[in-house]
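Trainee: My structure is below; once you've seen it, I'll send some questions.
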């Protein structure tokens, strides 16, 4: 199944706010390598693979540096997040959003579902993954078995195999990456059943996604379009996403529009 979710081709000369179906980030950085070999440098986004089998035979390293295959973890509905641990953009807000929804979901972690976070930056190490895991587990305010949220790292071939298998497209930008913000829900057999976009998630949506994954039911995404702005990074001569500026811009425009409406309305009043 190949439902195509919009991609971004970042080119100088394009400036402004766009409605796009992904959440991406790229803090300013100079040119250079960074993405695993084989990553398409012109595409960033999600190519939905609903109903497709994720590559569960892919090998990564766990928090202690031990090799582990995804199939050893995906034995129940699994929420897969793809991040990198040095991200200065949306990775941290997204993982905070995960902890918030995990605190309020009615489903039981470890029994009804599991969360697996995989870094797509091969420079990330198991020790960094272990630290990140401890930090996010401390944010959880409910009983949460540590085994119910795993943090994995790996090398280029494993990263490529997994990201290609679930339709996650990203690109290097100096030492950083431009990438979408999304949760990918897998069935106990590793079938992709749902994509949940953004950085904030409703408990009812997650509960439904977990229930559907348990039954192997795929569900297309309904809300995909979010507004983001691109601005020029003069050092790297590229346009980067300023997610925070979108909220400020929209708020400012709404306030100005309301003020103009009041002013014009007041002039017409006898």
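Trainee: Sorting 73, 186 on the 10 Å Cβ count, fewest up front, what's the list?
Mentor: Ranking 73, 186 by Cβ neighbours within 10 Å, fewest first, gives 73, 186.
Trainee: So what's the gap between the Cα centers of the stretch 160-199 and the stretch 37-110, to the nearest angstrom?
Mentor: 7
Trainee: What percent antiparallel are the DSSP beta bridges of the stretch 53-142, to the nearest 5?
Mentor: Expressed as a percentage, antiparallel bridges in the stretch 53-142 total about 30.
Trainee: Quote the FRET efficiency, to the nearest 0.05, computed for residue 52 versus residue 96 with a Förster distance R0 of 30 Å and r equal to the Cβ-Cβ distance.
Mentor: 0.55
Trainee: In addition: Could you give the length gained on full extension between residue 72 and residue 138, defined as 0.36 nm per residue of separation minus the Cα-Cα distance, in nm?
Mentor: Here the segment from residue 72 to residue 138 would lengthen by 21.3 nm.
Trainee: Okay, moving on. Quick check: convex hull of the Cα atoms in the stretch 21-223, volume per residue, rounded to a whole Å³?
Mentor: 103
Trainee: Something else: For a footprinting-style exposure proxy, rank 187, 127, 47 by other Cβ within 10 Å, fewest first.
Mentor: Ranked by crowding around the Cβ, least crowded first: 127, 47, 187.
Trainee: Something else about it: Taking the Cβ of each residue in 147, 100, 176 as the centre, tally the other Cβ atoms inside 10 Å and list the residues starting with the fewest.
Mentor: Least to most surrounded, the residues fall as 147, 100, 176.
Where a number appears in this text, it was derived from the coordinates with a stated rule and is not lab data. Computed from a prediction, not measured in an experiment: that's the story for all the values here. Glycine also receives a Cβ, built like all others from the backbone with ideal geometry; neighbour counts cover every protein chain displayed.
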